[in-house]
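Engineer: Before we start, here is the structure in question, set down as structure tokens.
The values are calculated or read from the model by the stated rules, or taken from the named source; none is laboratory data. This structure is a prediction, so every number in the text was calculated from the model and none was measured. Using ideal geometry, Cβ is built from the backbone for each residue, glycine included, and neighbour counts are taken over all protein chains shown. These accessible areas exclude ligands, DNA and RNA; they are computed on the full protein's heavy atoms, side chains included. Shrake-Rupley method; radii C 1.70, N 1.55, O 1.52, S 1.80 Å.
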Amino acid sequence: MNARVRRTAGRVRAVTMLAIVGTALIACRSGSSASPSSASDTVAMRLERGPCYGRCPEYLVEILENGTVRFVGRKHVNVLGAQQRTISASQVRALQNQFAETGFATMDSAYIEGAKGCGRFLSDGPRMVLGARVGTAMKSVQHDAGCTDAPRVLQTLAAQVDSVARTSAWIAGAGDTK
């Protein structure tokens, strides 16, 4: 076997191995396992805060129905990476009730530049994605802070998620106030 054929065969083995490892990692990350997750492991609320023109904290926080809070700090936060804590089930239910009372389930799915509910758009603000379980489905709403006609209650709900999840312990002092 000449050197060229050996190099090609080596590359094929390497690519095949990478494909196998990649597939295994994707399966693990997507949560596939031998045992199904229980209903209490279901995400009840989710808040993802994105970048702005500045140092806005970038992170994801999820509150599960069983009271588990999962936080992933991405940029401009005091704690980078995954963190976890537990809150009471009654706090989760109270937050779910707030989402229900505000009509979150009937809001548009996007209040971003160009969307009908955005109104006048002011740039430089961060985008967030706010989600809540409505029945068996997860309802998500994208919101650009620069949309002047977006429902103000979106900011209130996001602040409530942060408060109940106590994200300030992980983000405080790291970003600006945009």
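Engineer: Quick one: would you say ALA132 is open to solvent by less than 20 Å² (accessible area, probe 1.4 Å) and in a strand (DSSP E or B)?
Structural biologist: Yes: the conditions hold for ALA132.
Engineer: Quick one: in the range 135-155, of everything that is free of Cβ contacts under 8 Å to residues at least 40 places away in the same chain and not in a strand (DSSP E or B), which residue is surrounded by the most Cβ atoms within 10 Å (Cβ to Cβ)?
Structural biologist: ALA150
Engineer: Output the number of residues of the range 114-129 satisfying the condition of being closer than 18 Å to VAL61 by Cα, assigned to a strand (DSSP E or B) and either open to solvent by less than 30 Å² (accessible area, probe 1.4 Å) or of a type in the set (Phe, Trp, Tyr) (or both).
Structural biologist: Going through the range 114-129 one residue at a time, the tally reaches 1.
Engineer: Across the range 101-113, what is the number of residues that are farther than 20 Å from GLU65 by Cα and part of a helix (DSSP H, G or I)?
Structural biologist: Total meeting the criteria: 1.
Engineer: Please tell me if ASP162 is more than 20 Å from the chain's Cα centre (by Cα) and touching a residue at least 60 places away in the same chain (Cβ under 8 Å). So that I can check it myself, show each step before the final result.
Structural biologist: Details: more than 20 Å from the chain's Cα centre (by Cα): no; touching a residue at least 60 places away in the same chain (Cβ under 8 Å): yes.
The answer is no for ASP162.
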